[in-house]
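Chemist: The structure follows.
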Amino acid sequence: MYALSLLAQDDSSSGGGVAQLLILLLIPFAMYFLLIRPQRKRMKDQARIQSSLGVGDEVIMNSGIYGFITGEEADRFWIEIDDDVQIRVAKAAVQGKVNTADDPDDDDDDDDEDEDGPDSDDSDDDSDDSSGEA
């Protein structure tokens with residue numbers, strides 16, 4: 001009996017019901033923007049990449065295998081992964097095109113990492129070693 005009277009008192013406040021209704025209505029919108037929309041964008045990007053691939057392009061598979069496209073069928077690629085070694089894979093198994101070293105953007109990124117990375121790390125390690133010995 002006591003529990004029923006508590007439930008009856010909670011139902012009398014209408015402000016909490018509106019907030020709960022609002023939260024329940026916002027959940028589908030949040031799911032759309034957090035789950036469905038990004039997945040559709042990834043699918044469109046993947047379809048765009050696969051349609052732009054052609055014979056002679058270096059690609060990477062979803063499994064991590066690198067190779068060159070040597071032939072194309074309706075829904076498959078022939079990939080050369082080594083001299084005289086070709087495999088036939090589904091077009092959906094191709095993750096993307098491999099960036100070549102000729103890209104100027106790629107070279108700039110490597111230079112930035114070289115300037116900041118090893119030089120500063122080595123000096124920090126030397127100072128730690130000398131302070132530990134003293």
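The values are calculated or read from the model by the stated rules, or taken from the named source; none is laboratory data. Only a predicted model underlies this, so the values are computations on that prediction, with no experimental measurement involved. So basically every Cβ, Gly included, is an ideal-geometry build from the backbone, and we count neighbours across all protein chains shown. For accessibility, only protein heavy atoms count, side chains too; no ligands or nucleic acids. Shrake-Rupley method; radii C 1.70, N 1.55, O 1.52, S 1.80 Å.
Chemist: Would you please name the residue that is nearest to the chain's Cα centre (by Cα), looking only at residues in region 28-58 that are open to solvent by 90 Å² or more (accessible area, probe 1.4 Å) and aromatic (Phe, Trp, Tyr)?
Modeler: Here is the first cut: in region 28-58, the ones open to solvent by 90 Å² or more (accessible area, probe 1.4 Å) are 29, 31, 33-35, 37, 40-44, 48, 51, 55.
Adding the requirement that they be aromatic (Phe, Trp, Tyr) leaves 29, 33.
Numbers: Phe29: 22, Phe33: 16 Å.
Filtering region 28-58 for residues that are open to solvent by 90 Å² or more (accessible area, probe 1.4 Å) and aromatic (Phe, Trp, Tyr), the one nearest to the chain's Cα centre (by Cα) comes out as Phe33.
Chemist: In region 63-94, how many residues are among the aromatic types (Phe, Trp, Tyr) and free of Cβ contacts under 8 Å to residues at least 12 places away in the same chain? Give the steps one after another, and end with the answer.
Modeler: Initial filter on region 63-94 (among the aromatic types (Phe, Trp, Tyr)): 66, 68, 77-78.
From what is left, the residues that are free of Cβ contacts under 8 Å to residues at least 12 places away in the same chain are 78.
Number satisfying all stated conditions: 1.
Chemist: Right, something else. Given the condition open to solvent by 60 Å² or more (accessible area, probe 1.4 Å), at pLDDT 90 or above and either at positive phi or of a type in the set (S, T, N, Q) (or both), answer yes or no: does some residue in region 85-93 qualify?
Modeler: yes
Chemist: Restrict the check to region 59-80 and report whether at least one residue is surrounded by 10 or more Cβ atoms within 10 Å (Cβ to Cβ), of a type in the set (D, E, K, R) and under 20 Å from the mean Cα position of the chain (by Cα).
Modeler: Checked against the condition, which is being surrounded by 10 or more Cβ atoms within 10 Å (Cβ to Cβ), of a type in the set (D, E, K, R) and under 20 Å from the mean Cα position of the chain (by Cα), region 59-80 yields no hits at all.
Chemist: Let me ask you something else. Which strands (runs of 3 or more DSSP E) does region 31-97 wholly contain that include 1 or more residues that are among the aromatic types (Phe, Trp, Tyr)? Before the answer, list the steps.
Modeler: Working: elements: 58-61, 66-72, 76-82, 85-90, 94-97.
Filter on region 31-97 gives 66-72, 76-82.
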